[in-house]
Structure formats: C-alpha cells, structure tokens
Amino acid sequence: MNTSENPDKKPTFDAHDKEKQLKAESESWNTNYVADAQAEDIPVIDLSDYFKTGDNNSLQHVAKQLKQACEEVGFFSIIGHQIPKSQIDRTFQKVREFHSLPLAQKIAIKMDRPEWPVTGIGYLPVKNRKLPARDTGNVNEAFIVKASDSVTMDDNQWPQPEAVPDFREVVQQYAQSMENLGKKMLPIYAAALDMPTTFFNDAFISPLYRLRMTHYPSTPPSDEFGIAPHVDTSFCTILAQDKPGLTIYSERKKCWIKAPALEGAFVVNTGELLKQWTNDKFISVKHFANNNTENTSRYSIPFFLNANADYKMTCVPSCCSSDNPPKYPPISYAESQGVIQGE
C-alpha cells in the first residue's frame, strides 16, 4: 500500500493518496492484448489431502505450491476444498433469481441510500462507478453483503423473502462456508511464509468480509469492461464463476491472460492487504472482467476476506530484516481503507 518517507525514515500511509495511486495506475495499464492461458499459467492446488489429514507433510506440500503462486502469479485455483458442488450450484441459482427481479425491487435496496445506516452493502446497478471506483461505469450489477465484529447479517439489506424465497438463508450459509474455508487456508499461508501455522489466527477471529454476487449481462463487443482493471484490497479473494470472463495480468509472463473456469474449483488471488503484510513478497494481482457477447449472462461470486477490521498488521517477521526493513507502518484494515468503501 502507498507509503512515503518522513524525516525519521519511518514508513507512513495515506488511504486517500493510495486510492488515487491505484486508480491512476489502473488507468495506465494497456489491456489491448490478451492471451489464452496455458496449463501452467495459473497453478491448481489440491487441498484434499491436507484438509482430510492435517498432516504436516501435506501442509508443507501445498504451502510450497501456494508460496510459488503468490510470489510469481498471484492467482491460483483450488480443488479439494470440501465445499459441496450442490451448495455452490444452489447459491448461483439464488443469485440468478435475485438479478431477474424487476429493477424497482432491486433499487429499493440500493447501496448507500440515505435511509440505510450501513454503507457498502446492497444493490449496485449496471454502469455503477464503485468497487472499483472508476470514471466510466462497470457493465455489471451486483448485490453485496458484508460482516465483521461490528456488522452482522441483520445489518445488511435483503430483498423481500417472498421475492426470492430462501435467498437470505442460502447466501448466509455460503458466506459462512467461505469464511470457514478462508480460515482453514490460513495455516497454509503461514507455512508458505515460514511462520508458525497459528501466525494469522488472532488476526481473523472476527474477519471483515464482503460477498459480492455479480451479474454480467451479455453485451455487444465494445471497449467497456464488465468490471474495470483493478487490484483487490483484500487479504485474499475466493471466486466462484459460472463461465470464463476473468482476465489477469501474469507477472511471470508479463502479459494479460484469460483465466479458465475449472469445474468445481475456486479461483483465489492475493490483494493489497496481503501484499503489504508481506512487505511486497506476495503479489497483488491486476485483473478485470469482460461480459459475454453470445447472448448469455455470466455470474460470479467473489468472497473478499480481510483481517479483523481493527487488527494492527505488522510486517510478517520472515519478510523483513535489517537489509529489507518494513515498507509499511503497522496498520489495521480499517485504517488502510480510510474513506474507501470496500474493494
């Protein structure tokens, strides 16, 4: 995250400046050429053995893969994650039902409307300019819920139960499954950084997370993005997608590549929070999404996992030294966001 040096050589941070920096950087990226992904471009990590046994050898095996992925690519797919396909399919079905509602019903729970006290949650219409904030609108519509130690599911906006039966129940169950999955992966991240497996535990007692349920309507070919190029602000993002459409920048190949949608897999990427925490050891990945041009919609469900909002993140000890001092001050996720609302 954005820093500057003060006279004492201590790193400082300004959330507003950081947002301006990220926006300016993203607008400078040339996205004209996109290549098809090759088999080795986005690693696939099988978590099944480690999740079944908890065995240290299994942990070290997946940690080695995750370390390489986070240092060289920033994106990887996970299989063997133990989330039933039936649950994923049911969640997608409810998301489709929500987005098929009349626009008036969705606008009634629009994000950041004056009548609702909690910001950053609810419905975002097509051509919205938030998440990420850009001068041109994102050609998608989304419904977003969030939770933290101070925000519960009761604080979120929801459609009327009769409009989409069981929607809230299904979404809450999915969000809980994603939180559990993210927490189960923390020992892998710790081991990948040569730290004790419990290193991240205290930071994720009541993590701040957002679940975004996105609809990319089919559109004629154009230069508009389904979601504009950006990097996530999260620790990690766990993405389910029903069709390809995600494009990432491969630092390894120095080009944009189309990410495949593997059956039964989640795509995971690192964000600015983890990049900062590891003193830039792990990559924060550039990516964007396009809409389908073949008269079919595309849906994606990214889960943005962050540390406890007020937990002070101090540089991971294995990622700094006298020769490589911390580039960022100890800072909480809430402080790092400042006036920024969400990813």
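The table that follows gives values for the structure above.
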item: Residue in segment 259-277 that is without any contact (Cβ under 8 Å) to a residue 40 or more places away in the chain, in a loop (DSSP other than H, G, I, E, B), under 26 Å from Ser48 (Cβ atoms) and of a type outside the set (Gly, Ala, Ser) present; result: yes
item: Residue count for segment 12-30, restricted to those that are modelled with pLDDT of 75 or more and either buried (at least 18 other Cβ atoms within 10 Å of the Cβ) or more than 17 Å from Ser284 (Cα to Cα) (or both); result: 1
item: Unique match (being surrounded by 12 or more Cβ atoms within 10 Å (Cβ to Cβ), more than 26 Å from His215 (Cβ to Cβ) and either among the aliphatic types (A, V, I, L, M) or at pLDDT 80 or above (or both)) among Asp46, Asp55; result: Asp46
item: Ile301 modelled with pLDDT of 95 or more, of a type in the set (Val, Ile, Thr) and under 16 Å from the mean Cα position of the chain (by Cα); result: yes
item: Filtered residues of segment 211-246 (kept if part of a strand (DSSP E or B), under 20 Å from Val170 (Cα atoms) and touching a helix residue (DSSP H, G or I) at 6+ places or on another chain (Cβ under 7 Å)); result: Leu211, Met213, His215, Ile238, Ala240
item: Near pairs, Cβ below 9 angstrom, 6+ apart or cross-chain, from segment 282-297 (more than 30 Å from Ile188 (Cβ to Cβ)) to any residue that is surrounded by 21 or more Cβ atoms within 10 Å (Cβ to Cβ) and hydroxyl-bearing (Ser, Thr, Tyr); result: Asn290/Tyr216; Asn290/Thr247; Asn291/Tyr216; Asn292/Tyr216; Ser297/Tyr216
item: Verdict on Val145 being assigned to a strand (DSSP E or B) and closer than 28 Å to Leu103 by Cα; result: yes
item: Selected residue [small (Gly, Ala, Ser), modelled with pLDDT of 95 or more and buried (at least 18 other Cβ atoms within 10 Å of the Cβ)] from Ala63, Ala104, Ala37; result: Ala63
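The values are calculated or read from the model by the stated rules, or taken from the named source; none is laboratory data. Fair warning: this is a prediction, and the values are worked out from it, not measured in the lab. As a convention, Cβ positions derive from the backbone with ideal geometry for all residues, glycine included, and neighbour counts pool all protein chains shown.
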